[in-house]
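Peer 1: Input: one structure, supplied below.
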Amino acid sequence: MAVTGGILVLYLIAHMVGNLKIFLGAEDFNHYAHWLRTIGEPAVPRRTVLTLIEVVLGVSVVLHMWSAVSLARRASAARPVKYQSKKKSHAQGYAVRTMRYGGVIIAVYVVWHLLDLTFFVVNPKGSDATPYERMVADFDPSRWYITVWYVLAVALVGLHLHHGIWSAFQTLGLRNPRRDRALRGLAATVAALVTLGFVSVPLSITFGWVS
């Protein structure tokens, strides 16, 4: 769970940095999108490295979800009786709801995101446009509901990241009383930066700061 989560966190950070290139203009953003598909050329065929990255991500997502289900079942089997403390129950319930239901919504969003900007099935501009044109068309002010949906999904990603990174520190044996405060701050900072980085793009397009 922690290892696959770490892979996904690193990907999210890299993806966010790439998205932010849209603020540098159409030429830079389109060049970045083209570079992703030509990494390693001419040593390897076009899109080879990107395809390998996608395979690793796909496997990581499947293993991450499998781990989540397995751990939930193990926890339930280990303690079928609920905790008596309301405080513990509330905290545990919040974490479970955030990770479980947030994870489902994120999974649905990822499918939509792939259909939109990878396969161009639901994108207004389709496959003939440039990556920059597709991104701007996606979050056009007239399609404000897409921006709302995107921001909601990314906010859930942020909550997922915060709890997931914090839990990963414990799983990997990094947490102790002396480091506790610093690791909490690190988890919150990473989650906040990733969230703000991702939502800044659609909000800037919808409000006309990028066009």
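No value in this document is a laboratory result; all are computed from the given coordinates. Please read these numbers as outputs of a predicted model, since none were measured by experiment. Neighbour counts are summed over all protein chains in view; Cβ atoms, including those assigned to glycine, are modelled from backbone coordinates with ideal geometry.
Peer 1: Testing the spin-label approximation: label points 7 Å from Cα along Cα→Cβ at S142 and F119. State their distance in nm.
Peer 2: Taking the two extended label points, one gets 2.6 nm.
Peer 1: While we're on this one: Over the chain, what is the relative contact order in whole percent, taking alpha-carbon pairs under 8 Å and six or more residues apart?
Peer 2: Once divided by the residue count of the chain, the mean separation gives 26 percent.
Peer 1: Is it possible to state the helix-based mean residue ellipticity at 222 nm for the chain, with each DSSP H run of 4+ residues giving -39500 (n - 2.57), the sum divided by total residues, to the nearest 500 deg cm²/dmol? What is it?
Peer 2: Helix contribution divided over all residues of the chain: -26000 deg cm²/dmol.
Peer 1: Here's another thing I want to ask about it. Subtracting the Cα-Cα distance from 0.36 nm times the residue separation, let me have the gained length for A75 to Y11 in nm, one decimal.
Peer 2: Extra length from A75 to Y11 when fully extended: 20.2 nm.
Peer 1: Separation between the F207 and V111 pseudo-spin-labels, each 7 Å from Cα along Cα→Cβ, expressed in nm?
Peer 2: My value for the distance between the label points is 3.3 nm.
Peer 1: In addition: Let me check I've understood the local charge: for F207, count other residues with C-beta under 15 angstrom from its C-beta, Lys and Arg +1, Asp and Glu -1. What total comes out?
Peer 2: Spelling it out: positives minus negatives among the neighbours equals -1.
Peer 1: What helices does the chain hold that run 27 Å or longer along their axis, going by alpha-carbon atoms, with a Kyte-Doolittle average of -0.5 or more, using DSSP H for the helix calls?
Peer 2: The qualifying helices are 48-78, 86-117, 144-171, 180-206.
Peer 1: Continuing with this model, one more query. Arrange the peptides 169-175, 198-204, 127-133 so that the one whose residues have, on average, the most other Cβ atoms within 10 Å appears first.
Peer 2: 198-204, 127-133, 169-175
Peer 1: Applying a 10 Å radius around every beta-carbon, put 176-188, 45-57 in order of their mean neighbour count, most first.
Peer 2: 45-57, 176-188
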